[in-house]
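Each remark here refers to the structure printed beneath this line.
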Amino acid sequence: MEYSWDESKAKKVKDEHAIEFAKIIDIFEDPYAVEFIDEAHSDKDETRYAIIGATVYGLVYLVFIEQDEDELRFITARLAENWMVKEYEENRKRY
C-alpha cells in the first residue's frame with residue numbers, strides 16, 4: 001500500500017494539530033483500530049474514510065480517501081477526542 005497527501009495540507013495539520021502524516025502510517029497496523037465511512041464529509045464523487053487508532057502520538061483520528069486500489073491519500077488528522085477514545089476502547093474490549 002502506498003500513502004500520499006498534499007504537502008500544504010500536511011503542513012497545516014502539523015501546525016494546527018502537531019501531527020505529521022508520515023509518522024502515523026502505522027495506524028493501519030493497529031489491530032484495535034476502528035475504521036468507518038465518514039458519511040458527513042463524503043459525497044457522490046468521493047467516499048471519505050476515517051480511522052481511530054494508535055500511533056506514535058497516541059490515539060489519532062485520521063481521515064483519508066482511496067486514491068486507487070493501492071494508494072490511500074490522507075486528508076486530515078488530529079488527536080482523538082473523548083468520544084473517539086471511547087469507541088476505540090469499546091472495540092479493544094471486544095478482542
Computed lengthening from residue 3 to residue 56, 0.36 nm per intervening residue step minus Cα-Cα distance: 17.4 nm
With +1 on the Cβ of every Lys and Arg and -1 on the Cβ of every Asp and Glu, and nothing else charged, how large is the dipole of the chain about its Cα centre, in debye rounded to the nearest 20? 540 debye
R0 of 35 Å, Cβ-Cβ distance residue 71-residue 93: FRET efficiency to nearest 0.05: 0.60
Sort region 32-86 into rounded, prolate or oblate with this rule: let a ≥ b ≥ c be the square roots of the eigenvalues of the Cα gyration tensor; rounded if a/c is under 1.5, and if a/c is not under 1.5, prolate when a/b is larger than b/c, oblate otherwise. prolate
Okay, helix-only estimate at 222 nm for the chain: each DSSP H run of n ≥ 4 adds -39500 (n - 2.57), divide by all residues, round to 500 deg cm²/dmol; what do you get? -7500 deg cm²/dmol
Cα lying deepest toward the dipole's positive end in the chain, options 47, 77, 3, charges on Cβ: 77
Residue 14: which lysines have alpha carbons under 28 Å from its alpha carbon, excluding same-chain residues fewer than 8 sequence positions away? 23, 86
Normalised by the residues of the chain, what does the relative contact order come to in percent, with Cα pairs under 8 Å and at least six apart? 30 percent
Using mean Cβ contacts within 10 Å as the protection proxy, how do 28-35, 49-56 order, highest first? 49-56, 28-35
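Values in this text are rule-based calculations from the coordinates and carry no lab data. A quick note: this is a predicted structure, and the numbers were derived from the prediction, not measured. Virtual Cβ from ideal backbone geometry, glycine too; neighbours counted across all protein chains shown.
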